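This is the structure, below, for whatever I ask next.
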Amino acid sequence: MDLSVKLPGLDMKNPILPASGCFGFGREFSNFYDLSKLGGITMKAATLHARYGNPTPRVAETASGMLNAIGLQNPGVAKIIQEEVPFLAQFDTKIMANIAGSTAEEYIEVAKSFNDTDDVHALELNISCPNVKEGGIQFGTDCMMAASITEQVKKASRHPVYVKLSPNVSNIGEMAKAVEAAGADGITMINTLTGMQIHLPSKRPLIANKTGGLSGPAIKPVAVRMIYEVKQQVNIPIIGMGGISTAEDVLEFLLAGASAVAVGTANFQNPCVCSEIIDELPQVLECYGFNSVQETIGKGIQ
Ligand SMILES: Cc1cc2nc3c(=O)[nH]c(=O)nc-3n(C[C@H](O)[C@H](O)[C@H](O)COP(=O)(O)O)c2cc1C
C-alpha cells in the first residue's frame, strides 16, 4: 500500500502529522514511539519572544472534545531554532514550523528566523488562534488582512507557506481563495471553534480567558464540511484536521479533499494515536478498495 504524499516542501512517507500545540516539540512523545514513523511533525506555535500564555484554568473537557485557551505559550523562536529543531531533526520526518504574532512585523520576523535552518521544511502561518487578544484571529477573519499577511510572509520566507484557516468565519471558501491568490503554497484547516463553558458553582466562565477553542471529535463534521467546500474552490493542497482519532477518520478527510491530515486533541487521550493510525491506515484503505493514499484525495466530492 502506497501511503506517500508529496506536498510543497513536505515529501512525506505517509499523510499523518501531529497538529500544532498538541505534540509540543515531540520530546515527550519520543518516549512512546519512534517519531521517524510520522509523515511530518507540526511544532507548537513560535512567536518572536517567549510567551507564558494565558492564566489558568485554560483547558476544560467537553462532550466529545475539549476547550483550550493556552495563549500561544512557547519559548520564543530563537530557542526553538537552537534547541527544539535540532532535537526533531534527528528523526527521519518532515518538520513544519507554526508561526504566530501580534503584528504583521512579528510574523515576518519569525518567518525570517526560520530561513536560517534547513531542518524546517515548511511554515504554517497561524492566523486563526482564537485565544490571544491581539493578532492571530484578527488576520484570520478578514480576507484582505489574511491575503496581506500571507503575501508579506511569502516574501520574507524561503520555505513553502501553508496558511491555517479559522472556522470562525461565515465563508471559509472566500478566505481560502484570498490566501491562494496571495501566494500561499497550501492550506491547513481547521483551527478550533470559539466556545465557552460555565462553571456552575461559581456561575462564571470556567476558562480564565472566558472563551476557548473547541477541538476534538465534536468538531469533525464541521472540519469535513469546510474541507469539502474549500477543495472545490482552490488548487493548492489542504492539510485537514479537526477531531481525527482513527484511520477511518483519516480516510473521511482524504475523501473530502485533504491531501494529508493532522491529529491534535487525540494525542492527549492516547500518546500513541498517530503511530496506531499509521499502522491501521493500509487495512482501512484496502477495505474501501484503494491501493494508495493519492487515489483517495477528493474522491468524495460529487
Ligand atoms: C491545547 C491545544 C493547543 C493548540 N495550539 C495551537 C497552536 O499553537 N497553533 C495552532 O495553529 N493551532 C493550535 N491548536 C489547534 C490544533 O492544531 C488543531 O487545529 C485543532 O485542535 C483541531 O484539531 P483536533 O480536533 O484534532 O485537535 C491547539 C489545539 C489545542 C487543543
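The values are calculated or read from the model by the stated rules, or taken from the named source; none is laboratory data. Everything numeric in this text was worked out from a predicted model, so none of it was measured. FYI the Cβ positions are ideal-geometry reconstructions off the backbone, even for glycines, and counts take in every protein chain you see. Just so you know, the surface numbers come from the protein's heavy atoms only, side chains and all, with ligands and any DNA or RNA stripped out. Shrake-Rupley method; radii C 1.70, N 1.55, O 1.52, S 1.80 Å.
Post the alpha-carbon centroid distance, the stretch 22-50 to the stretch 194-227, in whole angstrom.
Measuring centre to centre over Cα atoms gives 24 Å.
Which one of 170, 138, 205 is farthest out on the positive end of the charge dipole of the stretch 124-266, using unit charges on Cβ (Lys, Arg +1; Asp, Glu -1) and the Cα centre as origin?
205
Estimate the FRET efficiency between residue 32 and residue 294 by the formula 1/(1 + (r/R0)^6), using the beta-carbon distance for r and 30 Å for R0, to the nearest 0.05.
0.55
Looking only at the chain, where both bridge partners belong to it, what percent of the DSSP beta bridges are antiparallel (to the nearest 5)?
Here the antiparallel bridges make up roughly 40 percent for the chain.
Sorted by mean Cβ packing within 10 Å, highest first, what order do the peptides 111-118, 216-223, 14-21 take?
14-21, 216-223, 111-118
What residue among 33, 53, 22 has its Cα farthest toward the positive end of the dipole of the chain, where the charges are +1 on Lys, Arg and -1 on Asp, Glu, each on the Cβ?
So the residue we want is 53.
Let me ask something else. Read phi for every residue in the stretch 66-72 and hand back ³J(HN,Hα) as whole Hz from Karplus 6.51 cos²θ - 1.76 cosθ + 1.60, θ = phi - 60°, with x for Gly and Pro.
Using θ = phi - 60°, the values come out as 8, 10, 9, 9, 5, x, 6 Hz.
Along its principal axes, what span do the Cα atoms of the stretch 169-244 show, with the longest given first and each in whole Å?
50, 24, 18
Follow-up question, since we're still on this one. Quick query: amide H of residue 244 versus all other amide H atoms, modeled in the peptide plane; which residues come in under 5 Å with a sequence gap of 5 or more or a different chain?
Correct list: 264.
Turning to a different aspect of this structure: Once a ≥ b ≥ c are taken as the square roots of the eigenvalues of the Cα gyration tensor of the chain, is the result rounded (a/c under 1.5), prolate (a/b larger than b/c) or oblate (a/b not larger than b/c)?
rounded
Then there is this: Just to confirm a number: summing +1 for Lys and Arg and -1 for Asp and Glu over residues other than residue 10 whose beta-carbon lies under 10 angstrom from that of residue 10, what do you get?
0
Additional query: Go ahead and estimate [θ] at 222 nm for the chain from helices alone: -39,500 (n - 2.57) per DSSP H run with n ≥ 4, summed, over the residue count, rounded to 500.
-8000 deg cm²/dmol
Roughly how many nanometres apart are two label points built 7 Å out from the Cα toward the Cβ at residue 151 and residue 105?
The answer from the label model is 2.0 nm.
Using the structure shown, select from 44/94; 37/155; 231/299; 79/154; 13/177 the pairs with a Cα to Cα distance greater than 21 angstrom.
The pairs that break the limit, which is 21 Å between Cα atoms, are 37/155; 79/154; 13/177.
I would also like to ask the following. Which value, in debye to the nearest 20, describes the size of the charge dipole of the chain about its Cα centre when Lys and Arg Cβ atoms bear +1, Asp and Glu Cβ atoms bear -1, and nothing else is charged?
900
On the accessible surface of the chain, probed at 1.4 Å, how many percent belong to carbon and sulfur atoms?
Taking all protein chains in place, the chain shows 50 percent carbon and sulfur surface.
At 1.4 Å probe size, with every protein chain present, just tell me what the per residue accessible area of the chain comes to in Å².
So the chain comes to 41 Å² accessible per residue, rounded to a whole number.
Also, quick follow-up: Between residue 119 and residue 208, what FRET efficiency follows from the Cβ-Cβ distance if R0 is 22 Å, with the result rounded to 0.05?
Once rounded, the FRET efficiency stands at 0.05.
At a threshold of 8 angstrom on Cα-Cα distance, excluding pairs fewer than six apart, so keeping six or more, what relative contact order does the chain reach in percent?
That works out to 20 percent.
Turning to a different aspect of this structure: Once fully extended, how much extra length lies between residue 171 and residue 200, figured as 0.36 nm per residue of separation less the alpha-carbon to alpha-carbon distance?
7.0 nm
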